[in-house]
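Here is the structure we will look at, set down as structure tokens.
Values in this text are rule-based calculations from the coordinates and carry no lab data. Remember, it's a predicted structure, so these values are computed and weren't measured experimentally. Counting neighbours? That spans all protein chains shown, and the Cβs are built from the backbone with ideal geometry, glycine included.
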């Protein structure tokens, strides 16, 4: 169901730059299509884990664009560390992706 | 006394007008840089790759053996070297037109079925948009180098150049009416002067492109089609000699740029 997702994590001096692309319609519930309201459908929770430890936990809302792009700066990571990113939307759909710090 | 007061006011008024314009341009440049750093265009490439390798059509074949000008199945640098002349069909084709040809020959699909939906929307992008994103992505780092040697290629370029400056339609517009003068824009979109190689290079190096404002991957066939729609001409035929000639003209003008697409636009 869920479209593709892609993440990248790179060392940038003393922090790690994590970037993630995800495909999601992010419907606000305010838009109408042929007079009918398009139901809300958006990502609610975003979790970033570094070697299994949660480092970012985000509650996001309809204000985000379709196909959102996020970037985070995380300290204390080193090359080869495993980064896991997952999301959960209001319909219970979920998706995740993994990458290693480069 | 009165007169000098007036001119002071005038100067103040000019300053007010000039400052926001410069600030706006700087903001637009900054915004453009930010959106291109990481863009959903890559997600379209991923889906496009799956579609490229998916067996479909009456012949249950994938497009993996499609010859985009560099030999069957060679994708590296192929998009940047299009449009070009293809001997097997005796025509100048761009990437999309060639892919349609492959869908018909390799997969055995009818033109009608394959072209049922060339332009998608945000909820459902078209197969052609996904495929173009994937194919174009395989040319990153290659120089834009469309065919310019064959007589048909020369003819296509000349036709494209003519079309670029030919005024037509209800509004008596040509491509150059909007894309022929520096500093013009439609809302926040700057209109590049596509007859100027220095301007055309970065533009042609980043099409097809993901449009942030409507969350869609847009191809050159769509861009040219939609420009003609805005000019209120009859709708050009998808993949026709005319559309491909305009594409050829712009690609040749942008020749030498290092391809960096699929890009991201406002």
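Table for the structure above
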quantity	calculated
With eigenvalues of the C-alpha gyration tensor scaled by 5 and rooted, the range B:107-197, Å	28, 21, 18
Descending Cα extents along the principal axes, chain B, whole Å	87, 38, 33
Order of A:41, A:24 - criterion: other Cβ atoms within 10 Å of each residue's Cβ, fewest first	A:41, A:24
Semi-axes of the equivalent ellipsoid for the range B:51-90, Cα gyration tensor, largest first, Å	21, 13, 7
Ellipticity estimate at 222 nm from DSSP helix runs (n ≥ 4, -39,500 (n - 2.57)) divided over the protein assembly as shown, nearest 500	-11000 deg cm²/dmol
Difference of contour (0.36 nm per residue) and Cα-Cα distance, residue B:155 to residue B:172	3.7 nm
Diffusion constant of the range A:50-102 at 4 °C, which comes from Stokes-Einstein with the Kirkwood Cα-pair radius and 1.567 mPa s, µm²/s	101 µm²/s
Residue A:30-residue B:117 FRET efficiency (beta carbon distance; Förster radius 30 Å; 0.05 resolution)	0.65
Cα-based helix-to-principal-axis angle, B:127-137 vs chain B, degrees rounded to 10	80 degrees
Expected-Rg normalisation [2.2 N^0.38 Å, Cα atoms] applied to the protein assembly as shown	1.13
Binned Cα-Cα distance frequencies in the range B:172-266 - 10 Å width, integer %	16, 49, 34, 1
Average beta-carbon neighbours from other chains, 10 Å sphere, peptide A:19-25	3
Shielding of B:39-48 by partner chains, average beta-carbon count, 10 Å	5
Radius of gyration, Dmax [chain A; alpha carbons; angstrom]	15.2, 52
Euclidean distance between Cα centres, the range B:98-173 to the range A:63-90, Å	35 Å
Where N is the number of residues in the range B:98-251, Cα Rg divided by 2.2 N^0.38 Å	1.06
Dimensions (Å) - the range B:26-163, Cα atoms, principal axes, largest first	48, 37, 27
Cα centroid separation, the range B:38-64 to the range A:1-45 (Å)	21 Å
